[in-house]
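Below is one structure, written out as structure tokens, with a few remarks after it.
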Amino acid sequence: MDRIKDRLEEIVGKDYVSCSAEERFIYSRDQGVQEPSEPDYVVLPATSEEVREIVLLANEAKVPVVPMGGGLVLSGLTVPLKGGIVLDMKRMNRILEVNENSHYAVVEAGTSQGMLDAYLRKHHPRLKHSLPDAPPVATIAGNIAIHGSGHLSQSEGGFHSEMVTGLEVVLPTGELVKLGSCSTVSAWFSRAPLPDLAGLFLGWNGTTGVITKVGIKLFPRQAHHDVLIFMTEDVDAAPDILFRVIHTGMAEDINYALSPKPDYLSGFQMIVINVTAHREDELALKLRIIRESLRDYFETKEAGFMPMPPNMKAGLLEVPQKALSRFADVRKGGGFEYVGAIMPLEKIPDACRAGMEITERNGITYSLGARIIGRGHSAMFFFAYPFNRADKDEIRRVRSALEETNEEAIRLGGIPWKAEAAGQKLILGSMEPATYELMKKVRTLLDPNGIMNPGNWEV
Amino acid sequence: MQRLRFDPDLCLKCETVDCIMRCQYIHLEQDRAKEEHDRLVRGRMSSILHECVTCYACEEYCPHGNHPFYLIVERQEALSVHPVPVPIEKSQVVMMGPRGKIRPREVQAPVINMCFFGMMKGGIRGRIFEGVSTIGGPDIFCNLMFLHFARNSTIKERLPVMIGNIMKFHLEPSGVHELICYHDECYGTYTSWAPAFGIEVPFKPVHLFDFMLKRMLDLKDEIRPLGFTVAYQRPCSSRLCPETDSLVDDLFALIGVQRPKRRYEYGRALCCAGVIDAAQRFDLAEENRRKNVEDMRAAGAQYAVFNCPFCFWTLAEPVMKAGMVPIMMSDLCLMAFGQ
Ligand SMILES: Cc1cc2nc3c(=O)[nH]c(=O)nc-3n(C[C@H](O)[C@H](O)[C@H](O)COP(=O)(O)OP(=O)(O)OC[C@H]3O[C@@H](n4cnc5c(N)ncnc54)[C@H](O)[C@@H]3O)c2cc1C
Ligand code: SF4
Ligand code: SF4
């Protein structure tokens, strides 16, 4: 008899606990190159109270708990490195409140990006939230837990974790806490003016507690969209071009891309500029201002805006963008390593060169790119390496590229994003000792038994 | 390398310089036009090389058939004047390049060459196109679009290969001697550009409208007049074969639609402005589109009909916003058959 399993079944019901070999196999891996590691239990709670009881049980039994949303992080952060319980949050997917006037929604942690988007389109068509380009099953909580970003990160205030207006969290010791305005009054409008405790759970990869509810900012949904692609062969021109476009204040989303495929785009730096507006004449004016900002580039004919057939334009107007998901399968066989590094904009050319050298050295294909965050305060530079899971040698080469990329990102002055356990060690190794010690104190204080996603942010 | 059949003396003696004086995008007094054109003829830098929006129209304007536009493209290339930014030019060269993937495929006359527009094959259907075979794709693509990119050299290099492919993989094995050109860019290539550069075309090119007209005359009894007023967007390549413009009138007469009197029609037709955008002259492109669409609407058009898919993509949205329906010629004619 497995006592833990019995207790879990009592908490969530028999249908929502599994120790079967198939289930443990599936939850032991993600699409990236990290080694698999099996959980002992897979559990799907339906309420915050159930999460609380599970965490209390895990504390009592000293069993690890690994929160999981869509499981799409790709760097093994939901792989239970030390076994234990994978807490699959997908049943907690209710949209609890939308406040139109104060522009926020309150959702359960397992609510997917796609669900919230569909809900808003149907019930609150004037509002939208910032969507990552991840497949739509990615969850709101999973994304903020890793400082994700999306199509409004450029124009509307940065990383998605910065768009959080409040949290409900089950602490590793089982207490249910609310953070932000919802801790003091009933509405979830803001983290200010209180001491900001939400940061204890944002970017921590589920190592400090289980997020059960999220208040997230909403923004106006405009009726008119267009997209421009600015093309140059000069990698060193990218920061200046980006600076100019950002400074117009007219672009919603700005992405930079460099990819060897399709072959007609190989070698070209592409700056993809999405523009939205409430009115047609507003859209036309915005496009005009952006074009003007780059006049001296295109007048020399060294760079310019690419004419786009409607099908290409339609693809680029989609939110989320499907291009990366399609690219993820370019090698067939379901493997995709998607390494990111948050870095200053001026490092983009060097990051590009590094990415190309690393991939060439390791004999793998790539897509490189960057999303501009918070009107140019930083960029999320991604190095995407697709591979075939059936090809052991290719996996070895991608793993080696991943390690080199993490090292190179730090050398360049960036920080690997959603890094795998080894990448986290690399970051911690470069960290100020006092910061490291503070992280350690926080973890020890919050999680005395070390049950939350152990193996990650190990301090 | 193929040389342009062009007589410099004819230009140097030409008093009227119709090619530039009638141009709707370059505005020069007669003396200046002559001066600038003479510079161009002599192989020197000329403002014409920078100002030209590559609308092809002067090929039609020259009363002597002396290929003023092909000459402009030759000179732009020789003097490295890039109408379109270099990265876009380079990318297009790769995008539209041959793939070497063509395989023999037997076809049956009549054969329509879809050019690069395989995605438009859905329009080749119904009564008018019964029993037609289609071919198309990058390995038989005329590449004439590179006139917009100052790259006659690309056309010179690729066209003989493409013609060879058409013959070897499709027409010869099937014993077919005629090729219907879906896009009049191909028709213009085979009837104007190729002879101008001394390239032999071993099959008989047929304009799509010519083929449609003959078919529709055979099926005349089935046609139900549509009674619409329809504006026609003349594509740039129709300047290479202006004789085909009257086929539009014939088709319209047959399906009972009216081609309204417009300011920008026939010789004064405006470019769709797609290439003007590509040349990064956005204000001019916008102005051109506005004038064109307003003119269609002012003439009372209910539909705007297209031969060229690129014109369609460029103008469909403004045309719709102005309350008209954009439609390809093949679809418009099929409507007269209730299809
Ligand atoms: C094609 C593709 C494109 C992508 N594009 C983007 C993009 O544009 N922007 C972007 O940000 N990301 C992107 N990603 C990466 C990733 O998929 C997303 O960040 C995604 O939102 C992660 O959410 P998830 O629900 O899948 O998280 P998971 O993978 O399930 O979890 C991520 C981390 O959060 C923790 N966690 C999950 N739920 C909770 C919870 N309730 N409480 C506490 N911790 C929790 C997990 O333990 C783990 O450490 C992309 C991925 C792919 C495959
Ligand atoms: S191209 Fe024709 S119109 Fe122009 S100058 Fe020469 S002869 Fe005259
Ligand atoms: S191609 Fe058009 S724009 Fe250029 S010179 Fe001839 S008529 Fe003028």
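The values are calculated or read from the model by the stated rules, or taken from the named source; none is laboratory data. Predicted model, so just to flag it, every value in this text is computed and none were measured. No Cβ is skipped: glycine too gets one built from the backbone with ideal geometry, and neighbour counts run over all protein chains shown. Only protein heavy atoms, including side chains, enter the accessible area calculation; ligands, DNA and RNA are left aside. Shrake-Rupley method; radii C 1.70, N 1.55, O 1.52, S 1.80 Å.
Listed here are the residues, each with its yes/no results for (1) assigned to a loop (DSSP other than H, G, I, E, B); (2) among the aliphatic types (A, V, I, L, M); (3) within 22 Å of the chain's Cα centre (by Cα).
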| position | (1), (2), (3) |
| --- | --- |
| A:VAL319 | yes, yes, yes |
| A:GLY340 | no, no, yes |
| A:ARG353 | no, no, no |
| A:ARG361 | no, no, no |
| A:ILE364 | yes, yes, no |
key: Lone qualifier among B:ARG22, B:ARG3 - being within 9 Å of ligand 3 (Cβ to nearest atom) and in contact (Cβ under 8 Å) with a residue 40 or more places away in the chain   = B:ARG22
Residues of segment B:265-283 satisfying the condition of being on the phi > 0 side of the Ramachandran plot and away from chain A (no Cβ under 14 Å) = B:TYR266
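Here is a list: A:LYS217, A:LYS261. Which entry is within 23 Å of the chain's Cα centre (by Cα) and at negative phi?
Going through A:LYS217, A:LYS261 in turn, the sole match is A:LYS217.
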ask   = Within the group B:PRO83, B:PRO87, B:PRO104, which residue is part of a helix (DSSP H, G or I) and either within 14 Å of B:ALA150 (Cα to Cα) or away from chain A (no Cβ under 14 Å) (or both)?
value = B:PRO87
query = How many residues does segment A:5-23 hold that are under 18 Å from A:MET89 (Cβ atoms) and open to solvent by 50 Å² or more (accessible area, probe 1.4 Å)?
reply = 3
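Could you tell me whether any residue of segment B:286-308 is among the aliphatic types (A, V, I, L, M), crowded, with 17+ Cβ neighbours inside 10 Å and within 13 Å of chain A (Cβ to nearest Cβ)?
At the first step, the residues of segment B:286-308 found to be among the aliphatic types (A, V, I, L, M) are B:293, B:296, B:298-299, B:301, B:304-305.
Okay, now just the ones that are also crowded, with 17+ Cβ neighbours inside 10 Å, so B:293, B:296, B:299, B:301, B:304-305.
Filter once more, keeping what is within 13 Å of chain A (Cβ to nearest Cβ): none.
Looking for residues that are among the aliphatic types (A, V, I, L, M), crowded, with 17+ Cβ neighbours inside 10 Å and within 13 Å of chain A (Cβ to nearest Cβ), one finds none in segment B:286-308, hence no.
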request  = Could you tell me which residue of segment B:64-76 is nearest to ligand 1 (Cβ to nearest atom), considering only residues that are outside any helix (DSSP H, G or I) and in contact (Cβ under 8 Å) with a residue 40 or more places away in the chain?
outcome  = B:HIS67
message = Among the residues in segment B:303-314, are any in a loop (DSSP other than H, G, I, E, B), closer than 26 Å to A:ILE289 by Cβ and among the polar types (S, T, N, Q)?
response = no
key: Pick from segment A:279-315, criterion within 24 Å of A:PRO262 (Cα to Cα) and open to solvent by less than 30 Å² (accessible area, probe 1.4 Å), ranking: farthest from the other protein chains (Cβ to nearest Cβ)   = A:GLY315
inquiry  = Taking the criterion of being within 26 Å of B:PHE282 (Cα to Cα), among the polar types (S, T, N, Q) and touching a helix residue (DSSP H, G or I) at 6+ places or on another chain (Cβ under 7 Å), would at least one residue in segment B:58-66 satisfy it?
reply    = no
request  = Please determine, by comparing only the residues of segment A:142-173 that are open to solvent by less than 10 Å² (accessible area, probe 1.4 Å) and aliphatic (A, V, I, L, M), which one is farthest from ligand 3 (Cβ to nearest atom).
outcome  = A:VAL170
task = Search segment B:241-275 for residues being over 24 Å from B:ASN288 (Cβ atoms) and of a type in the set (Gly, Ala, Ser), and hand back the single one that is most open to solvent (accessible area, probe 1.4 Å).
result = B:ALA253
remark   = When segment B:107-129 is checked residue by residue, the ones that are closer than 20 Å to B:GLY274 by Cβ, out of contact with any Phe, Trp or Tyr (no Cβ under 8 Å at 6 or more places or on another chain) and away from every other protein chain (no Cβ under 14 Å) are B:GLY123
Enumeration of residues in segment B:160-206 that are under 30 Å from B:GLN233 (Cβ atoms), assigned to a helix (DSSP H, G or I) and charged (D, E, K, R) = B:ASP184, B:GLU185
task = Determine whether B:VAL111 is closer than 30 Å to B:LYS34 by Cα, at pLDDT 95 or above and either among the aromatic types (Phe, Trp, Tyr) or open to solvent by less than 30 Å² (accessible area, probe 1.4 Å) (or both).
result = no
inquiry  = Suppose we filter B:ASP277, B:ASP249, B:ASP331 for residues that are within 16 Å of ligand 3 (Cβ to nearest atom) and assigned to a helix (DSSP H, G or I); which single one remains?
reply    = B:ASP277
